[in-house]
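The values are calculated or read from the model by the stated rules, or taken from the named source; none is laboratory data. The shown structure was predicted, so the numbers you read here are calculated from the model rather than taken from an experiment. In this analysis, Cβ positions are derived from the backbone assuming ideal geometry, glycine residues included, and neighbour counts consider all displayed protein chains. Remember, those area values only see protein heavy atoms, side chains included, never the ligands or the DNA or RNA. Shrake-Rupley method; radii C 1.70, N 1.55, O 1.52, S 1.80 Å.
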Amino acid sequence: MHDILIEEKVLAENDRIAGENREFFRHRGVFALNIISSPGAGKTSLIEKAAPYLERAGLKFAVIEGDLATGLDSERVARLGVPVRQITTGKACHLDAHNISHLLGWVEAQKGLKLLIIENVGNMVCPAEYDLGEEMKVTVMSVAEGDDKPLKYPAIFAASKVLVLNKTDLVPHTDFSMERARKNALDINPSLKIFETSCRTGQGIEAMSGFLRSLAAATGG
């Protein structure tokens, strides 16, 4: 009973801070995305591949990287010339709203910013419960994980508005069924917008990037 009460208090405080973060982003016309996946699904690679399309469109964007340890992913993003900050969580298996609140000053310093991409710690369980103040959760799922993943982790698929089925170039080498994956995901969340992508071949990257541009362009501020 005490564990449940503690968790409720933690989540309530997180939601309070998340609400403040969201108002901060909205007031400044910044569209914030929370990208979630299992480790190795390709979140950072998708950011790398989308970057040229976003930059050619003149869209100012920045990235917050969350990891248990190291700054390897933020170093990859920084090499592209994209503003990026690292959050190293240690043992925490997810980012929370308090983590993000510490970087609001940095976000404000990025003049003309329209899109903030928050790459969460690789985990499909805990991040589903923690609102960061984002406008949208995006789940990335690689074909190497199996087409039954939505049935095993329904909470994150229900909480997301977008699903990216990544590493499609591996489909011929697996038993993965794109049709089953789509059906399983849409059974959990019928309103999911789904993109099929491959960072190796470039499939779907332009379409996904265009969607991100449209979200940012529609943001007031």
For this session: Scan the stretch 68-111 residue by residue and report those that are within 20 Å of ALA18 (Cβ to Cβ) and of a type in the set (Asp, Glu).
Result: ASP96, GLU108
Exercise. Before we move on, is ASP147 open to solvent by 10 Å² or more (accessible area, probe 1.4 Å) and closer than 19 Å to ALA50 by Cα?
Worked result: no
Exercise. Condition test on ASP131, is it within 13 Å of the chain's Cα centre (by Cα) and surrounded by 17 or more Cβ atoms within 10 Å (Cβ to Cβ)?
Worked result: yes
Problem set entry | Members of the stretch 193-204 that are under 17 Å from the mean Cα position of the chain (by Cα) and either under 15 Å from ALA41 (Cα atoms) or at pLDDT below 95 (or both) | PHE195, GLU196, THR197, SER198, CYS199
Problem set entry | Candidates ASP73, ASP96, ASP67 - the one that is acidic (Asp, Glu) and in contact with a Leu (Cβ under 8 Å, 6 or more places away or on another chain) | ASP96
Exercise. Which of the residues belonging to the stretch 58-86 are open to solvent by 20 Å² or more (accessible area, probe 1.4 Å), among the aliphatic types (A, V, I, L, M) and not in a helix (DSSP H, G or I)?
Worked result: LEU59, LEU68, ALA69, LEU80, VAL84
For this session: Could you give me the residue pairs with C-beta distances under 7 Å whose first residue belongs to the stretch 194-221 and is in contact (Cβ under 8 Å) with a residue 24 or more places away in the chain, whose second residue is among the acidic types (Asp, Glu) and part of a strand (DSSP E or B) wherever it lies, and which are 6+ apart or on separate chains?
Result: GLN203/GLU196; GLY204/GLU196
Exercise. Just one of GLU55, GLU48, GLU23 is in a helix (DSSP H, G or I) and surrounded by fewer than 13 Cβ atoms within 10 Å (Cβ to Cβ); which is it?
Worked result: GLU23
For this session: Could you list all residues from the stretch 150-167 that are in contact with a strand residue (DSSP E or B) (Cβ under 9 Å, 6 or more places away or on another chain), in a helix (DSSP H, G or I) and either open to solvent by 20 Å² or more (accessible area, probe 1.4 Å) or free of Cβ contacts under 8 Å to residues at least 60 places away in the same chain (or both)?
Result: PRO150, PHE157, ALA159
Exercise. Taking the stated definitions as given, is LEU215 outside any loop (DSSP other than H, G, I, E, B), open to solvent by less than 60 Å² (accessible area, probe 1.4 Å), among the aliphatic types (A, V, I, L, M) and at pLDDT 95 or above?
Worked result: no
For this session: Would you please list the contacts, defined by Cβ atoms under 8 Å and residues six or more apart or on different chains, that run from a residue in the stretch 29-56 that is of a type in the set (Asp, Glu) to a residue that is part of a helix (DSSP H, G or I) and modelled with pLDDT of 95 or more?
Result: GLU48/ARG76; GLU48/VAL77
